[in-house]
Structure formats: C-alpha cells, structure tokens
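All remarks here apply to the structure that follows.
The values are calculated or read from the model by the stated rules, or taken from the named source; none is laboratory data. Nothing here was measured: the structure is a model prediction, and the numbers come from that model. Reconstructed Cβ throughout: ideal geometry from the backbone, glycine too, with neighbour counts over all protein chains shown. Keep in mind that these areas ignore ligands, DNA and RNA; they rest on the heavy atoms of the full protein, side chains included. Shrake-Rupley method; radii C 1.70, N 1.55, O 1.52, S 1.80 Å.
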Amino acid sequence: MTSISALAVAALLATNTNPQFEGHWGGELDLGPAQLRIEIILEETDGSWSGELVSVDQGNARVPATRVTVENDRVIVDLSAAGARYEAELLPGGTLDGEFHQAGQVFELDMSALAADTDPEPAATSDDRDQEFSVSNGDVTLAGALRLPEGDGPFPAVVIISGSGPQDRDMTVGEHRVFATLAAHLADAGFAILRLDDRGVGGSDAVIPHHPQVIADDMGAALDALRSHPSTQGQCVGYVGHSEGGSLAFLAASRSQPDFILSLAGMHASMAETLIEQGEALVRASGGGDADVAAQRAVQDVVMTAMRDSPVGEAGPAIEAGLVEAGLPQQIAQQQAMIWGQAYAQNALDLDPASAMQAYEGPVSAIFGGSDLRVLADNMSARVSAARTDQPTRLRTLAGHNHLLQQESSGLPAGYTSAQHAISPVALEAIEEELGALINQACQ
C-alpha cells in the first residue's frame with residue numbers, strides 16, 4: 001500500500017552483546033499518507049550479530065545492508081545500501097523505542113517482540129487437502145487452491161476475495177497464513193473454499209488491473225468456475241471478502257449473482273474516506289494529538305488533490321511535486337508517487353460502494369473488529385446499514401479484534417504478526433455461524 005526501500009541486514013560484528021535483542025521484532029513506519037509494516041530479526045553468534053529488516057507490505061522483500069552494533073541497551077542497524085539506519089533503545093518492558101533515519105528525515109519506529117511461533121495450530125493450515133485450481137478471465141489466468149471438506153459432496157462453497165494490494169492465496173502476513181487458516185477451518189465445517197493468488201502474485205498472470213471493476217470481474221469468473229465444479233454443483237455459492245475485498249464482492253455481484261456475501265472487516269466507504277478515517281485513528285492510537293492528525297491530513301490532501309486533478313495513470317509527477325513542496329524528502333515523495341499515481345488507485349479513490357450494496361438483493365452479513373484501526377467498525381457498520389435499509393443484512397462486531405480479526409486490542413498493524421493466531425478462534429466460529437445463517441437464508 002505504501003513503499004520505501006525494503007531492507008535486510010547481513011551478518012556483522014557487534015561491539016557488545018545483549019541477548020535481549022535476539023529475536024523477531026515488528027513495528028510500523030508512518031510515512032504520512034500510509035504506513036509500512038517493518039520487521040527485524042536479530043541473532044547473535046559468538047559475538048557477531050546477524051539479522052534481517054523486512055518490508056512486510058512489499059511481499060517480505062529484503063535488501064542487504066552493512067552493520068549491526070549493540071551497545072548495552074541500544075542497537076544500531078546501518079543500512080548504507082538504502083542510505084538509512086535504524087537506532088533503538090531497549091525499554092524495560094521489552095520493546096524497542098526507535099528511530100528510522102533516511103534521506104535526512106527521521107521517522108519514529110517503535111517495535112515489539114513477535115512470537116517465535118505465531119500460529120500454534122500448524123496442522124490446521126496444512127496443504128494436503130488443497131487442490132490446485134485455475135480461473136480464466138479473458139486472457140488472464142489466476143492460480144489458486146480449492147479446499148474441500150471430507151466426503152463426496154456436493155458442498156456449499158465460497159470464493160475468498162483479498163483486500164488492498166497484491167496478495168498470495170494464503171494472505172501471508174509475517175508467519176501467519178490468514179486465508180489458509182480460514183479455509184482449513186471452514187472446510188472442516190463442511191464448506192468448499194476457493195482462494196486465489198492476486199494478479200502478479202504466485203502462479204497468477206502479472207497483468208496489472210487499472211480499475212477495481214477488473215478485480216471484481218476476476219472474482220466473477222472465479223465464482224462461475226466454482227459454481228460449475230463437480231464438488232459444488234447445485235449448492236449455495238457466495239463470496240467472503242476481506243477489507244477492500246468486502247467492497248469488491250458487491251461490485252462482482254452484478255456479473256456473477258452470488259447467493260450470499262459475507263464481508264470481513266469490509267471497506268464499505270470510498271478509498272478517500274477510508275484513508276482519512278484510518279489515518280486519524282492510527283495517529284491517535286500511536287500517541288499523536290490534534291496537530292499530528294492535521295499534519296497527516298495535509299499530506300493526504302496533497303496526494304488526493306493531485307490524484308483527482310491528473311489524467312488517470314499520470315498523477316505521479318504531480319504527487320511527487322506536491323509532497324516535496326510539503327516538506328517530504330525526494331526519495332519518499334518518489335515512492336509515494338509510484339503507488340498513488342497508479343491508474344488503479346486513481347480510479348478507486350472516490351468510488352462509492354453504496355450503490356453496489358443497494359443493488360445486491362441477496363442476504364449479506366458483515367463482521368467487523370472492534371479494535372480495527374484501518375476499517376472503523378462503527379463507521380462502516382453505519383454505512384452498510386444505510387445502504388441496505390430494506391434488504392436482508394446482519395451486522396456483527398467482535399470486541400478486541402483487529403483488522404485481521406485477531407484478538408489483539410491495540411489494533412495497530414504491528415500487532416498483526418505478533419498476535420497468537422492468524423485469525424482468532426472466536427472470529428472463526430463467528431464466520432462459520434454467519435455462513436451457516438446466510439446459506440439457510442439464501443438456499444434453503
């Protein structure tokens with residue numbers, strides 16, 4: 001969703017040792033219009049330190065750097081290949097109070113320890129029951145996996161739609177495989193589950209979508225293919241969409257006529273509204289005040305104004321110039337321009353999901369996380385309710401759950417990788433219950 005040089009640290013000498021630095025750390029780098037999840041893994045062997053600094057939001061990409069120095073309760077990671085360094089102090093509570101330096105700018109980057117084994121049920125995500133599955137939409141082929149329950153079927157079935165940015169079929173976040181965990185649970189409950197690599201990821205064709213409707217059409221083709229599969233023939237078939245995928249499910253509905261839609265932490269506002277709301281929520285949750293919120297909003301306004309005022313696909317130069325004028329370093333401005341200047345982002349910015357929600361007449365359930373800072377539960381619930389006034393709709397908020405529906409009360413993205421489960425057991429049971437209710441309503 002945002003971009004900065006992905007970073008990695010090679011094995012290097014240390015001037016001191018402190019075993020408390022060893023392990024897997026995670027945090028979030030706030031770049032203004034968006035945030036970037038960063039992880040660092042540090043290891044010490046015979047007085048020498050090694051490690052990796054990883055950009056989670058860029059496919060866990062890594063780039064070599066130069067030196068790790070540990071001095072008592074401080075660590076310095078020099079990243080000359082990126083023109084950057086990370087400096088942090090180990091606090092008594094076991095967190096890193098740090099700063100990321102690049103191109104003359106300093107960004108706060110605090111990190112917390114991530115669990116060495118973040119998902120205690122590895123057997124639940126094993127792939128031995130997955131079948132390779134491909135979907136064709138015109139000239140584009142998407143690769144994926146179909147998870148089937150035990151038995152001969154036919155089974156009720158769902159297509160899982162992922163959220164913003166290119167993701168693999170498992171929705172891999174750090175050590176968590178979110179969609180694989182969900183598919184395993186739902187298959188055990190008697191549902192067939194199709195999950196796909198997004199365009200340009202895994203085995204899917206690398207054809208860049210220029211508009212959300214393109215992804216919606218991909219999902220329409222996926223639902224058609226699943227509906228005609230021997231294991232699901234004649235059964236209830238619908239969508240489970242996460243985040244932006246919740247909105248895309250309604251866009252896809254006009255083509256594919258799903259029997260039901262289940263939205264998980266769904267983005268049911270325009271991208272512009274969502275970014276503004278989540279930006280303020282994340283700033284305040286990180287300790288920022290009114291001035292910090294205003295500063296973030298000013299940067300967002302620069303980016304969004306350039307997106308609206310530029311021809312589709314040509315907003316990059318205007319975004320870069322506006323951000324440099326606003327005081328961001330050239331390198332950060334260029335990176336932001338590459339992301340928000342894309343045709344997809346421009347076409348998605350002001351797209352209003354309300355009309356698609358109103359047009360779909362089938363049953364809908366929406367589950368939100370009460371601690372979600374990216375999709376605010378109360379705001380989005382109100383939008384769904386307003387758009388679906390006279391249509392069958394169920395709304396549910398899980399207290400203490402974040403954007404991935406993990407039990408993690410801070411809601412900060414840094415908690416996604418440190419949470420105990422890929423999805424909480426409470427959320428898995430709620431999803432199973434809602435799917436059962438939708439199928440009973442739509443197809444019984």
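Look through Ala189, Ala225, Ala221, Ala183 and report the one residue that is touching a strand residue (DSSP E or B) at 6+ places or on another chain (Cβ under 6 Å), closer than 21 Å to Leu428 by Cβ and of a type in the set (A, V, I, L, M).
One residue alone meets the criteria, Ala183.
For region 130-185, give me each residue that is out of contact with any Pro (no Cβ under 7 Å at 6 or more places or on another chain), outside any strand (DSSP E or B) and within 22 Å of Asn440 (Cα to Cα).
Of everything in region 130-185, those that are out of contact with any Pro (no Cβ under 7 Å at 6 or more places or on another chain), outside any strand (DSSP E or B) and within 22 Å of Asn440 (Cα to Cα) turn out to be Leu148, Pro149, Glu150, Gly151, Asp152, Gly153, Pro154, Pro156, Leu182, Ala183, Ala184, His185.
Report yes if some residue within region 119-128 is modelled with pLDDT under 85, over 26 Å from the mean Cα position of the chain (by Cα) and among the small types (Gly, Ala, Ser); otherwise report no.
no
I'd like to check something: does region 391-412 contain any residue that is basic (Lys, Arg) and either closer than 29 Å to His211 by Cβ or in contact with a Lys or Arg (Cβ under 8 Å, 6 or more places away or on another chain) (or both)?
There is no residue in region 391-412 that is basic (Lys, Arg) and either closer than 29 Å to His211 by Cβ or in contact with a Lys or Arg (Cβ under 8 Å, 6 or more places away or on another chain) (or both).
Name the pairs: first residue in region 199-211 and free of Cβ contacts under 8 Å to residues at least 24 places away in the same chain, second residue in a loop (DSSP other than H, G, I, E, B), Cβ to Cβ under 8 Å, at least 6 apart or on different chains?
Ala206/Arg199; Ala206/Gly200
Could you please find all residues in region 333-351 being open to solvent by 50 Å² or more (accessible area, probe 1.4 Å), among the hydrophobic types (A, V, I, L, M, F, W, C) and within 21 Å of Asp30 (Cβ to Cβ)?
Met338
Being within 24 Å of Thr172 (Cβ to Cβ) and modelled with pLDDT under 95 narrows it down to one residue among Gln278, Gln257; which is it?
Residue meeting the stated conditions: Gln278.
Could you pull out the residue among Ala285, Ala318, Ala269 that is hydrophobic (A, V, I, L, M, F, W, C), more than 30 Å from Val159 (Cα to Cα) and touching a residue at least 24 places away in the same chain (Cβ under 8 Å)?
Ala285
For region 387-444, enumerate the residues that are of a type in the set (Val, Ile, Thr), over 18 Å from Asp170 (Cβ atoms) and in a loop (DSSP other than H, G, I, E, B).
Listed by number, the list holds a single entry, Thr389.
Which of the helices (runs of 4 or more DSSP H) found entirely inside region 265-332 contain at least 2 residues meeting this: crowded, with 17+ Cβ neighbours inside 10 Å and of a type in the set (D, E, K, R)?
Per the criteria, 271-285.
Looking at this structure, is Gln406 open to solvent by 20 Å² or more (accessible area, probe 1.4 Å) and of a type outside the set (A, V, I, L, M, F, W, C)?
no
Report, by residue number, each residue of region 70-111 that is modelled with pLDDT of 85 or more, among the hydrophobic types (A, V, I, L, M, F, W, C) and outside any strand (DSSP E or B).
Matches in region 70-111: Leu91, Leu109.
Can you name the condition, by its number, that Gly362 falls short on among (1) outside any helix (DSSP H, G or I); (2) surrounded by 22 or more Cβ atoms within 10 Å (Cβ to Cβ); (3) small (Gly, Ala, Ser)?
Tallying (1) outside any helix (DSSP H, G or I); (2) surrounded by 22 or more Cβ atoms within 10 Å (Cβ to Cβ); (3) small (Gly, Ala, Ser), Gly362 fails exactly one: (2).
Run Arg177 past the list (1) under 20 Å from Glu432 (Cβ atoms); (2) crowded, with 24+ Cβ neighbours inside 10 Å; (3) within 19 Å of the chain's Cα centre (by Cα) and report the number of the one that doesn't hold.
(2)
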